[in-house]
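Data block below; observations after.
Nothing in this text is a laboratory measurement; each read-out follows from the coordinates by a stated rule. These numbers come from a predicted model, not from an experiment. Ideal geometry is used to build each Cβ from the backbone, glycine not excepted, and the neighbour counts take in all protein chains shown.
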Amino acid sequence: MSTPSLLILAGDGIGPEVMAEVRRIIDWFGSKRGIAFEVSEDLVGGAAYDAHGVPLSDATMARAQEVDAVLLGAVGGPKYDALDFSVKPERGLLRLRKEMDLFANLRPAQCFDALADFSSLKREVVAGLDIMIVRELTSGVYFGEPRGIHKEGNERVGINTQRYTESEIARVARAAFDLARKRAGRVCSMEKANVMESGVLWRQVVQEVHDADYPEIALSHMYADNGAMQLVRAPKQFDVIVTDNLFGDVLSDCAAMLTGSLGMLPSASLGLPMENGRPRALYEPVHGSAPDIAGQGKANPIACILSFAMALRYSFDMGDEAARVERAVESVLADGLRTADLMGPEGGTPVSTSGMGDAVLAALD
Ligand code: NAI
Ligand code: MG
């Protein structure tokens with residue numbers, strides 16, 4: 001295969017700060033492991049608006065469609081709050097997701113042993129936790145028509161429509177089953193088939209895809225409200241969870257917090273395979289631009305670093321190299337190094353953004 005190509009869109013606020021640490025890790029792979037990436041950088045969000053008057057230029061969009069993977073930092077900030085909706089920084093990210101048709105949003109919730117006491121749940125409930133939530137990202141109630149607010153008689157009515165086609169359900173189900181094959185081999189599908197027709201169809205299609213092509217995967221179905229309870233009661237029962245856009249939004253945030261800080265959470269958004277067989281893909285930390293700490297060297301770069309590890313695994317089939325990065329992060333945490341967001345009552349050695357980057361690089365060596 002050709003040299004893997006990456007487009008880095010660092011964005012706003014702490015985006016460029018955390019991405020700088022990822023750049024160092026990419027360089028480490030080139031110099032120490034002989035794995036070279038063709039890296040280009042461009043603007044997104046407020047940074048792109050400042051330069052071009054739009055949160056994502058057509059040229060950047062075209063570049064994103066050409067590369068093997070996009071790495072994004074974060075977008076937005078108070079400076080842009082008053083902008084018209086059509087040019088808000090977030091629109092840059094939405095355009096990328098839409099035009100790349102990134103329908104499967106992967107949100108791992110993994111508990112590093114060193115942070116188990118940092119969770120709001122008991123250590124024994126979360127220690128060793130490793131689940132993957134696959135959220136449908138391009139359809140469902142956030143996009144369905146009709147939508148809007150209108151007048152009926154003398155009161156206002158707000159409307160959104162939950163709408164899923166068979167093919168939309170089938171492709172995200174496949175993404176979940178493919179992941180489960182490389183993990184513990186279990187998928188739990190969540191919907192509300194008891195009260196929603198779209199949920200009935202969801203359950204049927206997921207089951208059909210399973211029976212036809214993934215009979216070896218252990219598939220279960222759960223109502224999403226029960227799923228929320230199970231996630232905080234006994235999260236280790238899950239391996240892969242697949243669910244729709246709305247439930248996935250809520251359940252993935254809930255699962256994420258089982259493991260501690262926003263500064264630790266990576267994500268991947270995947271689309272259909274390109275001609276070279278690699279999926280269209282965008283990797284980004286779950287957190288935003290954190291204007292409250294931007295420019296102070298306080299940001300935790302681990303979410304962004306782990307997002308790069310996901311790129312190694314899911315775009316470049318370098319699972320061993322991804323695990324190498326994850327082990328480095330784990331050992332740094334075990335050594336007690338803590339950015340401010342990870343500083344709990346049990347204490348630790350305070351480090352800055354670049355201090356955390358230094359430590360991860362040293363652990364990689
Ligand atoms: P946020 O995720 O930026 O920050 C929430 C809190 O978590 C803040 O106290 C922040 O300091 C802390 N935090 C976040 N990431 C951290 C890290 N890596 N290390 C240490 N602490 C961290 O969410 P908020 O404050 O709601 O939004 C701020 C801006 O970011 C807004 O303009 C919002 O629209 C945008 N945003 C962008 C996202 C994206 O680019 N995907 C996602 C969420 C928000
Ligand atoms: Mg959310």
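Per-structure values
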| quantity | calculated |
| --- | --- |
| Nitroxide proxy distance, nm - points 7 Å out along Cα→Cβ at Asp101 and Ala127 | 4.7 nm |
| Span-like helix ranges in the chain, DSSP H, alpha carbon extent 15 angstrom or more, Kyte mean at least 1.6 | 302-314 |
| Farthest positive-ward along region 125-254 dipole, Cα basis, beta-carbon charges - from Ser167, Phe238, Val126 | Val126 |
| The chain - percent relative contact order, Cα under 8 Å, separation 6 or more | 21 percent |
| D_trans [Stokes-Einstein, Kirkwood Rh over alpha-carbon pairs] for region 147-252, 20 °C, 1.002 mPa s, µm² s⁻¹ | 144 µm²/s |
| Rounded FRET efficiency, nearest 0.05, which uses the C-beta distance separating Glu155 from Lys182 and R0 of 45 Å | 0.30 |
| Positive-end extreme of charge dipole, the chain - chosen from Gly76, Ser5, Ser40 (charges on Cβ) | Gly76 |
| Dipole moment magnitude, nearest 20 debye, region 125-254 about Cα centre, only Lys, Arg, Asp, Glu C-beta charged | 300 debye |
| Positive-end residue of Met257, Gly295, Phe316, charge dipole of the chain with Cβ unit charges | Met257 |
| Region 125-254: relative contact order as a whole-number percent, Cα under 8 Å and 6+ apart | 38 percent |
| Contour minus Cα-Cα distance for Glu145 and Glu197 (0.36 nm per residue) | 17.1 nm |
| Extension gain from Ala36 to Val232, taking 0.36 nm per residue of separation minus the Cα-Cα distance | 66.4 nm |
| Net length gained if the chain between Asp50 and Asp320 were fully extended (0.36 nm per residue, minus Cα distance) | 93.2 nm |
| Cα-centre dipole for the chain with unit charges at Cβ (Lys and Arg positive, Asp and Glu negative), debye to 20 | 300 debye |
| Thr3, Thr161, Thr243 arranged by Cβ crowding within 10 Å, fewest neighbours leading | Thr3, Thr161, Thr243 |
| The chain: projected area of the alpha-carbon convex hull, averaged over directions, in nm² | 19.6 nm² |
| Exposure proxy ranking, count of Cβ atoms within 10 Å, fewest first, for Trp202, Trp28 | Trp28, Trp202 |
| Translational diffusion coefficient (Stokes-Einstein; Kirkwood radius from C-alpha pairs) of region 34-178 at 37 °C, 0.692 mPa s, in µm²/s | 173 µm²/s |
| Charge context of Gly288, other residues only, Cβ under 12 angstrom, K/R +1, D/E -1 | -4 |
